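Okay, structure first, notes after.
What follows is calculated from the coordinates using simple rules that are stated; it is not laboratory data. Bear in mind the structure is a predicted one, so any value in this text is a computation, not a measurement. All Cβ positions, glycine included, derive from the backbone under ideal geometry; neighbour counts span all protein chains shown.
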Amino acid sequence: MAEKDDPFISVIRLSIVAVIVVLSFWALFAIVNNESGGSAAADGAAGGTVSASVKLTEFSITGDLTIPTGDVDLTAMNVGGVDHDLTIRGGAATPLISAGQSDVLQLRNLQPGTFEVFCSVPGHEAAGMAATITVAEGAVVAGGDAGVAEPDWEALDKAMTDSIMAFPADTAGLGNEPLEPTILADGTKEFELTAEIVDWEVEPGRVVQAWTYNGIVPGPAIKLDLGDKVRIILHNKLPMGTDVHWHGVDTPNNMDGVAPLTQPLIKSGEDFIYEFVADAPAVGMYHAHHHGQMQVTNGLFAIFQIGEMPIPYGQTIGGVTIPSNLKVVDEIPMVLNDAGVIGYSINGKSFPATQPYVINKGDWIVATYYNEGLQIHPMHLHQFGQLIFAKDGFPLDNPYWADTINVAPGERYSVLIHAEDAGAWVWHCHILTHVEREEGMFGMVTAIIVQDN
Ligand SMILES: [Cu+2]
């Protein structure tokens, strides 16, 4: 009886458990080190050292996920477009590996079991860069030569061709739909937002659990006139707390949406009302601030516009005179994301599910980029220049032309495009691993279809 409650005995038990956990971990990795660090390699071990490899890319870890017991040199090849590493959960890690480079983890005296590996760059594990490696007696590694096998060139040709021919593909759900206000007695425009997790088809057949405002990604577009009084009711049906930050929008401090600094956290099941006056023009966004690395990337983002950005009518810029009577025939939002369950996408969709824009030869259109992701995206439109006339909702005194606009996280660019030539013109991020993979074209690609009149 006394034994039951004896704290000393409990401590001993706890210590034994801790020792067993540590010992079993070390049995799995007697020595884990990386190449540059050197290691007490088990020279002369029966069978020698086996080479295996895994590929790191946005955002997955693939390759030899079953390796034999004993000594294994595990090469981590970064075949993606940005830096990654290979980290063993609770164990060693490679240094950060640049795109196109490799590093080796020397695994020694491996015993049967499993261990988890992931990329420790913030956001990458959540985006899919995690895998379980199984250590099994006598497992045969496919390549055995750092995994360099002759690619199936014909299959690669076909995959790319097929993926492009699938454009445009129908998927369920459309983001950025305008949200209509209720006009209150004093003229206030009242909007209602519900934050909830719903099924969202990012690309044909790939349905994810998206974190949404009103069930769509991006959330509904809110457009206001200068001087409007605004009241936005947020219903939180997420499993955790949230808040809403009005990015690039002038608000009183207590409406800035940064819990717990400027407001209490809106807990699961609670509501919160944001109220302010739209007293300055904005090309803004609204998104969660609380755990933004998860909530935003998973879909809690949308457009918030106040007034219009002045187009430089009549100005001559780079030798091109912008007609003073030009009519903008289409306003195209390009909301970019690259992480979470949504992944590389334009307006919540991955190619071939992205929306093509059909216009007529000679048309002028306005496009606005909004980067809600974690990476930069140099947005390139084939054939036509893009006249940047506003940055982050600030009209530029000296608009300028570019055909590739590097949009960093949080940035917005407003551009004017003159579609002078007929044809299907591709429009895409120019970090090529954001748009192409072995399975073909995907991600941040769409097109302007310019019809001959
Ligand atoms: Cu990109």
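Using only the alpha-carbon atoms, how far is helix 153-165 inclined from the longest principal axis of the chain? Give it as 0 to 90 degrees, nearest 10.
30
Would you mind getting the Kirkwood hydrodynamic radius of the range 182-451 from its Cα pairs, rounded to one decimal in Å?
19.3
For the range 226-257 and the range 272-327, write down the distance between their C-alpha centroids in whole Å.
Taking the Cα centre of each part, the range 226-257 and the range 272-327 sit 16 Å apart.
Non-local amide H neighbours of Leu86 (under 5 Å, H modeled in plane, Pro and chain starts lacking H): which ones?
Counting only residues 5 or more places away or on other chains, the set is Thr94.
Equivalent-ellipsoid semi-axes (√(5λ), Cα gyration tensor) for the range 170-324, whole Å, largest first?
Over the Cα atoms of the range 170-324, the semi-axes work out to 28, 22, 15 Å.
Report the net charge of residues surrounding Glu420, where surrounding means a beta-carbon distance below 15 angstrom and charges are Lys +1, Arg +1, Asp -1, Glu -1.
-3
Net charge near Phe384: determine it from the other residues with C-beta under 14 Å of the C-beta of Phe384, scoring Lys and Arg +1 and Asp and Glu -1.
With Lys, Arg at +1 and Asp, Glu at -1, the neighbours total -4.
Can you give the longest stretch of the chain with no exposed loop site, where a site means trypsin sites (Lys or Arg not before Pro) in a DSSP loop (not H, G, I, E or B) with at most 16 other C-beta atoms within 10 Å?
By the stated rule (loop sites, at most 16 other Cβ atoms within 10 Å), 90-236.
Karplus couplings for the range 262-271 from phi (6.51 cos²θ - 1.76 cosθ + 1.60, θ = phi - 60°), rounded to Hz, Gly and Pro as x?
These are the phi-based 3J(HN,Hα) values: 10, 6, x, 4, 7, 6, 3, x, 8, 10 Hz.
Could you name the lysines in cross-link range of Lys189, using Cα to Cα under 22 Å and dropping any fewer than eight places away on the same chain?
Straight-distance partners of Lys189: Lys223, Lys229.
What number, rounded to the nearest 500 deg cm²/dmol, is the helix-based mean residue ellipticity at 222 nm of the chain, given -39500 (n - 2.57) per DSSP H run of at least four residues and division by all its residues?
-3000 deg cm²/dmol
Give me the one-decimal nm value for the distance between modelled label points at Ala99 and Glu116, 7 Å along each residue's Cα-to-Cβ direction.
2.9
I'd like the projected area of the chain, averaged over all directions, using the convex hull of its alpha carbons. Report it in nm² with one decimal.
Answer in nm², one decimal: 30.5.
Put a dot 7 Å past each Cα toward the Cβ at Trp153 and Gln293; how far apart are the dots in nm?
4.4
Pairs of Cα atoms under 8 Å, at least six residues apart: use those to get the relative contact order of the range 340-453, whole percent.
Taking the mean separation of contacting Cα pairs over the length of the range 340-453, I get 38 percent.
Specify the angular offset, from 0 to 90 degrees and rounded to the nearest 10, of the alpha carbon long axis of helix 7-28 from the longest principal axis of the alpha carbons in the chain.
For 7-28 against the chain, the angle is about 80 degrees.
Restricting attention to the range 260-335, which chymotrypsin sites (Phe, Trp or Tyr not before Pro) occupy a DSSP loop and are surrounded by at most 15 other Cβ atoms within 10 Å?
Tyr313
Taking 0.36 nm per residue of separation and subtracting the Cα-Cα distance, what length does fully extending Thr62 through Glu331 add?
Here the answer is 92.8 nm.
Compute the FRET efficiency between Ile449 and Glu137 as 1/(1 + (r/R0)^6), taking r as their Cβ-Cβ distance and R0 = 45 Å, and round to the nearest 0.05.
So, using R0 = 45 Å, E works out to roughly 0.20.
Scan around Gly63 for amide H atoms under 5 Å from its own, H built in the peptide plane at 1.01 Å from N, and keep only partners 5 or more places away or cross-chain.
Under 5 Å from the amide H of Gly63: Lys55.
Can you pull the three principal axis extents for the Cα set of the range 147-248, in Å, largest first?
Principal-axis extents of the range 147-248 (Cα, largest first): 69, 30, 26 Å.
Can you list residues whose amide H is under 5 Å from His287's amide H, if they're 5+ apart or on another chain and H is modeled 1.01 Å from N?
So His287 has HN proximity to His245, His247.
Counting only other residues whose beta carbon sits under 12 Å from that of Trp246, what net charge do I get with K and R as +1, D and E as -1?
That works out to -4.
What number, in percent, do you get for the relative contact order of the chain if the mean sequence gap of Cα pairs under 8 Å and at least 6 apart is divided by its residue count?
The value is 11 percent.
For the range 73-89, just list the computed ³J(HN,Hα) in residue order, Karplus coefficients 6.51, -1.76 and 1.60, θ = phi - 60°, integers in Hz, with x standing in for Gly and Pro.
Coupling constants for the range 73-89: 8, 9, 7, 9, 9, 8, 9, x, x, 9, 5, 9, 9, 10, 10, 8, 4 Hz.
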